[in-house]
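See below for the structure under consideration.
The values are calculated or read from the model by the stated rules, or taken from the named source; none is laboratory data. Source: prediction; values computed, not measured. All Cβ positions, glycine included, derive from the backbone under ideal geometry; neighbour counts span all protein chains shown. With ligands, DNA and RNA removed, areas are computed over all heavy atoms of the protein, side chains included. Shrake-Rupley method; radii C 1.70, N 1.55, O 1.52, S 1.80 Å.
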Amino acid sequence: MFKFFESLVDPYSHYEETDTPPTQLWPFLREYCRPFTTVFVYAAIMSIIVAAIEVGLIYYMGRVVDLLGASPAEFWADHGTEVILVGVFILLVRPVLQMLDVLLLNQTILPNFGTLIRWRSHRHVLRQSVGWFENDFAGRIANRIMQTPPAAGEVVFQVFDAISFALAYLIGAAILLSVADPRLLLPLTLWFAAYACLIAWTVKRVGPASQAASDARSTTTGRVVDAYTNIHSVKMFAHHDREIEYAKDAIELTRTTFIAEMRLYTIMDVVLVALNGLLIVGVVGWALALWMQGAASVGVVAAATALTLRLNAMTGWIMWALTTFFRQLGVVAEGMETIAQPITLVDAKDAKRLELSQGEITLDALTHHYGRSSGGLSAISTVIKPGEKVGLVGRSGAGKSTLVKLLLRFYDPESGRILIDGQDITQVRQDSLRLNIGMVQQDSSLLHRSVRDNILYGRPDATEADMIEAAKQAQAHDFILDLVDPQGRRGYDAQVGERGVKLSGGQRQRVTLARVILKNAPILVLDEATSALDSEVEAAIQDTLYQMMEGKTVIAIAHRLSTIAEMDRILVLDDGKIVEDGSHDALLQNGGLYSEFWTRQSGGFLATEAAE
C-alpha cells in the first residue's frame, strides 16, 4: 500500500528543460506542480471530506444531546440502529478516509515534490556556465538547492493539510450554526472578519521578514563554508579570530532578522487569544440566550459550544499554518534567486556534435574583456596546425587563461570566434567540444570520492587495466597502492577528501594527469601541468607528457620556460595581444620580450615581477 502511493508520481520523470525558467513565484511553483495535478485534486477532495466529517460529528453530538431527553428504552428503540451505524462509521469508515488523506500527503506529495524540485534545480544549476559559479559562493548555491525543495513541499503540505481543511471546516461550521439558528452566524462572521484582518496583517509582514531571515542564513552558510573550504589558509595565516569575527557578523544578522520575525508571531498569538475569547463568549453566550428564550435546544447549545472550542483550538494551528505557508514562500522566493536564473551560455538550436578530424585550431579576431574595458584578449588571430605544439608565455593577466577558457567555451567571446577544423565552437554542442579536449590545470583539485572514481572521470567506460596503466604512466600507481583513508579503504578505493586535500600537491597533480591520460583527447591543454611536482618526479614524468602530446594538438601554459622550450611554436602574450610568435630559438634571436623573460628567469621560472 505504501509503495503504491509512493510511486504515484515519479520525481525523475522526463520533462522539457528550459533555459529561462519562470522568475515569478507562482508561475515557478506551478511549473513544478504539473506532474502532481491529479494528486492535488484528490488531496483537496480528501481534505474537504475529512473536514466535513469533523463538523458532522459535532452536529451529531448535539443531536444526541437532544435525543437524550427521552427514556433509555425509547431512545434505543427509536434510534439504536442509527447510533450503531454512526459507531461503525466512526470505527471503520472514518479511519479509512483519514488514512487516504494522510497517505496522499505523507507518501505521495511530501517525499516526491521536494525530490522533484531538488532534482530539477540541481540539473538546471549544473548547466550554468563556469563564470556563473565564479560569481557566487558554492556554499550559498548548495544551501539554496537544499532549502528550497523542503520549503516548497511545506507550502503544498499546508495548502492541503491546513488551509483547505480550515476553509472547509469554517464553511461547515457556518452551515451548522445557520441550521440551528441563523442568528448564531453573526458572532461567527464578526470574529472571522477580525481573524481575516489579523491574518492579512501577519502575512503582509511575515513574507518579507522570512525572506530577510532566509537571506541572512544563506550569508552565514556561505561565510562558514568559505572558511572551511579554505581552512589551510585560515590556519597558515593564523586568522582564526578574524574568521570568527567575520562569521559573527553574519550570525548576528541571522539572529536579529529571526528576532524580528518572531516578534510578529508573538503579537499574532496575543491578539489571537483575545479574538478567540470573543468567539467563545459571542457564540456560546448567544446560544445560551436563545436557549433561555426557548428558541434553541440544549443540543444546539452543546453543538455551538463544541464547535467554538474546536475553532479556538484550531485557530492557532491555522494561523501558524498560514504564517508557515508564507514564511516558506519567502524561502522559495530566496531560493529562486539562484535556481531560477536563466542559462546564458547555451548550445545553438541546431548545434551538432563537434566532428574533429585533424585538430586544427583557428583564432579569428578573438576578443574578450569580461565586460570590462581592459584585461582579457584583444582581437588576436592565429592558426594552430593539426598536431602542433604551442606554448603560451606572458605576464600574469596577459590573457593566457582567458584564451583557454574561451577554447573550452566556459565563456563566449565578445567578438571574433574560435574554429576547430573549420567549425565555430559556439555552433557545436558544449559536451562534444569538451570531450575532445584534455586539460591538466595548475589547480589540480579532485572530487571528494575514491582515487578510482577520480581517474575514471576521464573515461568512465575504461577498464580497470586501462585505469591502472594511466596511473602508472602518470607515476601515480605506487603511491596510490600505499593510500589508506580513515575508514580503512585502501589503494584505488581510498577517498581523497574534499578537493583532494588528503593528498599532497604532487600526488593530486599525478592523479589529475592520470585522468587526462585516460581521457586521451585529441586536443591537449596544459596549464602549469608540472607546477606541483618536485624536480625528480617532474623529470620522470616529462617523458609521459611528451608521449601524451604525440599526435595531438597541444596548447601549454608555463612559467617554467624550460618546459615549453621544445614546443613547435611559442606565442608571447602581452596586454591581451600576441606580441611575438615563433620557435624558442627564433624568439631568443629576436631579442624581444621572450628573450627578456628567458634572461631574467630564475631557476627555470618566468620572473614576471622582474620583467614588469
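The table below lists the values:
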item: Solvent-accessible area, 1.4 Å probe, carbon plus sulfur percent, for region 142-199; result: 81 percent
item: Gap separating the Cα centres of region 55-102 and region 160-237, nearest whole Å; result: 36 Å
item: Residue among Thr148, Phe479, Phe40 farthest towards the positive dipole end of the chain, charges placed on Cβ; result: Phe40
item: Two-site FRET efficiency, Arg30 against Val102, from Cβ-Cβ distance with R₀ of 22 Å, rounded to 0.05; result: 0.30
item: Computed over region 450-524, Kirkwood Rh from alpha-carbon pairs, angstrom; result: 12.1 Å
item: Mean accessible surface per residue for region 177-275, computed with a 1.4 Å probe while every protein chain stays in place, in Å²; result: 59 Å²
item: Label point distance in nm, Met262-Tyr228, each placed 7 Å from Cα along Cα→Cβ; result: 2.4 nm
item: Values of log10 I(q)/I(0), in the order q = 0.18, 0.27, 0.29, 0.33 Å⁻¹, for region 395-434 under a Debye, Cα-only, solvent-free model; result: -0.50, -0.96, -1.06, -1.24
item: Added length on full extension, which subtracts the Cα-Cα distance from 0.36 nm per residue, Lys235 to Leu309; result: 20.6 nm
item: Estimated FRET transfer efficiency (Gln358, Thr23; beta-carbon r; R0 51 Å; 0.05); result: 0.70
item: Answer label, with percent of Cα pairs over 30 Å apart calculated from the coordinates and candidates (1) 48; (2) 68; (3) 60; result: (2)
item: Those lysines that a straight Cα-Cα span of less than 21 Å connects to Lys389, excepting residues fewer than 8 apart in one chain; result: Lys400, Lys405, Lys519, Lys552, Lys577
item: Cα-centred dipole magnitude for the chain, charges only on beta-carbon of K, R (+1) and D, E (-1), debye, nearest 20; result: 1220 debye
item: Cβ-defined net charge surrounding Ala494, 12 Å radius [Lys, Arg +1; Asp, Glu -1]; result: +1
item: Where chymotrypsin sites (Phe, Trp or Tyr not before Pro) fall in DSSP loop in region 208-293, at most 11 other Cβ within 10 Å; result: Phe237
item: For region 111-188, average projected area of the Cα convex hull in nm²; result: 7.8 nm²
item: Simple label model, 7 Å out from Cα along Cβ direction - His122 to Val179, nm; result: 5.1 nm
item: Test item: Cα-centred dipole of region 92-245, Lys/Arg +1 and Asp/Glu -1 on Cβ, debye; result: 220 debye
item: Charge dipole (debye, nearest 20) of region 330-440; +1 at Cβ of Lys and Arg, -1 at Cβ of Asp and Glu; result: 360 debye
item: For region 184-245, with +1 on Lys and Arg beta carbons and -1 on Asp and Glu, the positive-most of Ala227, Thr202, His239 along the dipole; result: Thr202
item: Segment Ala247-Ala365, extension gain: residue separation times 0.36 nm, minus the distance between their alpha carbons; result: 37.9 nm
item: Signed unit charges on C-beta, dipole axis of the chain, positive-most listed residue Trp286, Gln542, Thr256; result: Trp286
item: Mean Cβ count within 10 Å, highest first, over the residues of peptides 384-394, 171-181; result: 384-394, 171-181
item: Estimated FRET transfer efficiency when R0 is 30 angstrom, pair Ala193-Arg255 (beta carbons, to 0.05); result: 0.25
